[in-house]
Amino acid sequence: MKFVDEFRDPSTAKALLREVTACLDQLGATEQNPVQVMEVCGGHTHSIFRYALKDLVPKSLEFVHGPGCPVCVLPMGRVDDCIAIAQRPEVIFTTFGDAMRVPGSKLSLLQARANGADVRMVYSPLDALSLAQQHPDREVVFFGLGFETTMPSTAMTVLEAKRRGLKNFSLFCNHITIVPTIKAVLDSPGMRIDGFIGPGHVAMVTGSAPFRFIAERYHRPLVISGFEPNDILQSLWMVLRQLLEKRPRVENQYARLVDPDGNRVGMQAIAEVFELREFFEWRGLGSIDHSGVRMRAPYAAFDAERKFTVPNAKIADPKSCQCGEVIKGVLKPQQCKVFGKACTPRTPLGALMVSSEGACAAYYQYSTHAVEEVA
């Protein structure tokens, strides 16, 4: 297939749905005892709701929404650290747009900007680097955020800052890694995920090898998937076929973009600039060993955590917000006590309602709540 319409072709979707249904019947799955498949990436979650795949597949299959939204798992204390840096008079604080409205304990970055902090939205870390060149009298800080998908561009920007000799550019590093996160989900008490739809964008960078432990150690199938509706349906069918064969492995449905060896240039840049942290705090998941990265010592001059004093406080989410349970797949968004009531995209209590990849935002956007709010 060459064109996007082909990945949304209704006749292909119907054929794939027939195959998915046949596999579920052979597995003996029922609405009371469904096959549970976790889509790790928030991009898949939004595709599932945008194209109503949740309603098209049989009730004997249940989608479980995973932790693959980097904005959603950012703990409140790290947001407070961002704001502490941004409020310094010498700082221009730069960030991607979906992080602007994530609530801290008192403010979001957007509210800090309204109060006078120089917070600017950028489309890439190179935009922040350009600002550093344009404002040599100011400290420009880039909020590095995301899984392995966005790490290469951040790492290459740091390398370019060093090459240019820019001393007023730094990175507040909150990049995280996907493999320890999936392991934490698999090790959760009461976990009964039967298979995984793997994160296609992460795999474009890492390749498929890092995910093999899921099949080899935990005996669960994982299929790296594209993001169009027929990509997801085909990946579902591939997961179910593995369950029928009782031979779990890692398969690559997204072969048009994912090389088994990943992006070697990108991985080299990551290895040059970053090293694993001993642990990193996640919203809803707690502290996970080796799940985040920090800057290596040779690049300390570009590390905002070394350059500025940050509170580095651990702050619990509001008790009414159940983002943690949703991230772990224990609750569906609509089962949260404040979903669609106190917590909406206009007045978010948790990050899952803020981010464009958040499960709560997906539920809200593609449900009657969105219509009711507009009305």
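Values quoted throughout were computed directly from the atomic coordinates according to the rules given, and no laboratory measurement underlies them. Being a predicted model, the structure only gives us computed values, none of them experimental. Positions of Cβ are generated from backbone atoms using ideal geometry, with glycine treated the same way; all protein chains shown enter the neighbour counts.
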Positive-end residue, the chain charge dipole about Cα centroid, Cβ charges, pick of 197, 218, 238: 218
CD proxy, 222 nm, the chain: helix-only mean residue ellipticity via -39,500 (n - 2.57) per DSSP H run with n ≥ 4, per residue, nearest 500, stands at -10500 deg cm²/dmol
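Work out how much length residue 313 to residue 347 would gain on full extension: take 0.36 nm times their residue separation and subtract the Cα-Cα distance, in nm to one decimal.
Details: separation 34, 0.36 × 34 = 12.24 nm, distance 2.41 nm.
Separation in residues times 0.36 nm, less the Cα-Cα distance, equals 9.8 nm.
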Once you have all Cα-Cα distances for the stretch 323-370, histogram them in 5 Å bins from zero and send the whole-percent values. 5, 27, 37, 25, 5, 0
Run the numbers for residue 301 and residue 8: contour at 0.36 nm per residue of separation, minus the present Cα-Cα distance, in nm. 100.7 nm
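What is the chain by shape, rounded, prolate or oblate, if you read a ≥ b ≥ c off the alpha carbon gyration tensor as root eigenvalues and call it rounded for a/c under 1.5, prolate for a/b larger than b/c, and oblate otherwise? Numbers along the way, then the final one.
On the way: a/c = 1.95, a/b = 1.52, b/c = 1.28.
It comes out prolate by the Cα gyration axes.
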How do 147, 227 rank when sorted from fewest to most other Cβ atoms within 10 Å of their own Cβ? 227, 147
Contour minus Cα-Cα distance for residue 30 and residue 163 (0.36 nm per residue): 42.0 nm
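In the structure shown, do any of 106/314; 14/59; 59/246; 14/332 have a Cα-Cα gap over 18 Å, and if so which?
Values: 106/314 14 Å; 14/59 16 Å; 59/246 22 Å; 14/332 27 Å.
The pairs that break the limit, which is 18 Å between Cα atoms, are 59/246; 14/332.
Quick one: plug the Kirkwood hydrodynamic radius of the stretch 216-277 (C-alpha pairs) into Stokes-Einstein at 37 °C, 0.692 mPa s, and report D in µm²/s.
Details: Rh = 13.5 Å.
My calculation gives 243 µm²/s for D.
Just rank 364, 299, fewest to most, by other beta-carbon atoms within 10 angstrom. Kindly include the intermediate steps, with their values, before the conclusion.
Working: 364 24, 299 21.
Lowest to highest Cβ neighbour count: 299, 364.
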Among the Cys residues of the chain, which have no other cysteine Cβ under 4.7 angstrom away? 23, 41, 82, 173, 321, 323, 336, 343, 360
Starting from the Cα of residue 278, step 7 Å toward the Cβ, then list every residue of the stretch 288-310 with an amide N under 16 Å from that point. 288-295
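Please get the size of the charge dipole for the stretch 233-375, origin at its Cα centre, with Cβ charges of +1 on Lys and Arg and -1 on Asp and Glu, quoted in debye to the nearest 20. Walk me through the numbers before you get to the answer.
Values: 19 positive and 16 negative charges, 59 e Å.
It comes to approximately 280 debye.
Of all DSSP beta bridges in the chain, what percent run antiparallel (nearest 5)? It would help to have the intermediate numbers written out before the result.
Details: 8 of 40 bridges.
Approximately 20 percent, going by the DSSP bridge assignments.
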Please give me, ordered by residue number, the chymotrypsin sites (Phe, Trp or Tyr not before Pro) of the stretch 1-62 that lie in loop per DSSP and have at most 12 other Cβ atoms within 10 Å. 3
Using only the alpha-carbon atoms of the stretch 1-140, report the extent along each of the three principal axes, biggest first, to the nearest angstrom. 66, 38, 19
